[in-house]
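The values are calculated or read from the model by the stated rules, or taken from the named source; none is laboratory data. Here the structure is a predicted model, which is why all the values come from computation and not from measurement. Every residue, glycine as well, gets a Cβ built from its backbone with ideal geometry; the counts of neighbours run over all protein chains shown. Surface areas here come from the heavy atoms of the whole protein model, side chains and all, with no ligands, DNA or RNA. Shrake-Rupley method; radii C 1.70, N 1.55, O 1.52, S 1.80 Å.
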Amino acid sequence: MMEPRNRVVQVSRFGDPERLEVVDAPLPTAGRGEVRVRVLASSLNYTEVLIRRHLYPQTMRLRPPFVMGYDVVGEIDQLGEGVRGFQFGDRVADMTVVGSNADYRTLLANDVARVPAGVDAAEAATLILSWTTAYQLLHRAARVQRGQRVLVHGAAGAVGQALLVLGRLAGLELWGTARREHMALVRELGATPIDYKHEDFTRVLPGGFDVIVDGVGEDGYRRSYAALKPGGLLCAIGFSASVQAQRRMLPIVMEIARLYLWRLLPGGKRARFYSVNAMRARHPAWFKEDLERLFGLLAKGAIRPRIAERISFDEVADAHRRLEAGGLEGKLVLCPDLSSRHNQRAWKFPDAKAAG
């Protein structure tokens with residue numbers, strides 16, 4: 001019997017999407033305490049643009065080539081020694097940071113969350129990073145209370161949409177900045193839209209916001225900090241403005257470090273940088289608990305993440321270009337079972353000009 005094929009998406013060098021390639025890799029074997037899964041879905045996140053460009057703090061030590069893939073939903077097809085409580089065919093999920101844009105991969109059995117039967121694998125994958133980040137921002141970091149006023153930057157993005165949906169479930173009063181073409185979406189998700197190019201969000205609420213979530217980092221988060229009420233909290237979660245300006249890592253790190261100095265200023269305002277990986281490292285049980293709670297909401301139909309497109313292996317480079325361009329209203333999800341347009345066993349993606 002022929003051994004299953006294991007295609008992977010790897011980074012050959014840091015840089016543009018053209019540095020991604022699809023290759024055949026050895027089939028992994030589940031070690032002690034591990035399960036091997038046949039990958040059903042792995043969502044693509046803006047964070048992976050940072051990883052590919054060598055701008056993501058958690059992966060700064062990695063050197064190419066390595067396999068991309070921040071999260072995974074898969075079906076167990078092999079049990080390692082000592083694994084109990086799982087069986088072949090169980091569907092599980094994990095946040096892996098790298099390594100999940102593949103046909104097969106191994107996971108630590110103690111780390112995985114169970115995916116309810118009947119839940120769409122691609123929809124489940126969209127929850128792992130973006131929605132768990134949003135849930136923890138609201139309920140672990142900010143500890144929001146019903147009726148609080150919350151501003152979300154990049155409200156039409158993956159984390160932004162999750163924040164609006166979960167914020168509405170928590171009884172919050174919500175505002176969201178977005179492009180003009182996404183105003184209707186922000187309103188549909190229960191927030192007051194703010195056109196960030198033509199409106200000054202610092203003047204929208206004279207008394208200031210209780211909580212602001214900022215993944216953009218325009219002006220080093222200064223305007224977001226200014227828009228807080230006394231005692232309010234700024235949760236910085238990213239720095240897409242600096243990435244788009246192609247700034248280097250050191251100035252970005254300095255801006256993040258400055259957040260913690262602002263707490264010394266008068267007025268009682270607070271600022272922090274939230275990292276889902278740092279939170280998981282400190283409180284590993286929270287991650288699985290929060291993700292499984294989200295899977296439960298998905299199974300009941302209480303939440304419904306948006307999927308822009310399900311893609312195959314040969315579409316990953318173009319998906320990265322779309323992520324960098326922005327404007328997506330849903331997640332791109334790699335589904336290995338989708339047939340590729342190319343059947344070669346190992347090949348490089350064409351460059352942008354050839355693809356255009």
Can you work out which of the residues in the stretch 318-342 that are among the small types (G, A, S) and either within 17 Å of L129 (Cα to Cα) or exposed (fewer than 13 other Cβ atoms within 10 Å of the Cβ) (or both) is modelled with the lowest pLDDT?
S339
Are any residues in the stretch 274-308 surrounded by 15 or more Cβ atoms within 10 Å (Cβ to Cβ) and farther than 24 Å from V213 by Cα, and if so, which ones?
A299
May I ask you to list the residues in the stretch 116-139 that are more than 10 Å from the chain's Cα centre (by Cα) and among the aromatic types (F, W, Y)?
Y135
Find the residue count for the stretch 178-223, including only residues that are open to solvent by 60 Å² or more (accessible area, probe 1.4 Å) and either in contact with a Ser or Thr (Cβ under 7 Å, 6 or more places away or on another chain) or not in a helix (DSSP H, G or I) (or both).
8
Does T59 satisfy the condition of being among the β-branched types (V, I, T) and at pLDDT below 95?
yes
Regarding E315, is this residue over 23 Å from R19 (Cβ atoms) and either modelled with pLDDT of 85 or more or in a loop (DSSP other than H, G, I, E, B) (or both)?
no
Residue within the stretch 254-268 that is surrounded by fewer than 18 Cβ atoms within 10 Å (Cβ to Cβ), in contact with a His (Cβ under 9 Å, 6 or more places away or on another chain), at pLDDT below 95 and hydrophobic (A, V, I, L, M, F, W, C) present
no
Checked the stretch 300-319 for anything closer than 11 Å to L44 by Cβ, in contact (Cβ under 8 Å) with a residue 40 or more places away in the chain and acidic (D, E); matches are D318
If we keep only residues of the stretch 24-46 that are open to solvent by 30 Å² or more (accessible area, probe 1.4 Å) and not in a loop (DSSP other than H, G, I, E, B), then the residue farthest from M60 (Cα to Cα) is R38
Per-region count, the stretch 47-58, residues in contact with a helix residue (DSSP H, G or I) (Cβ under 7 Å, 6 or more places away or on another chain) and not in a helix (DSSP H, G or I)
2
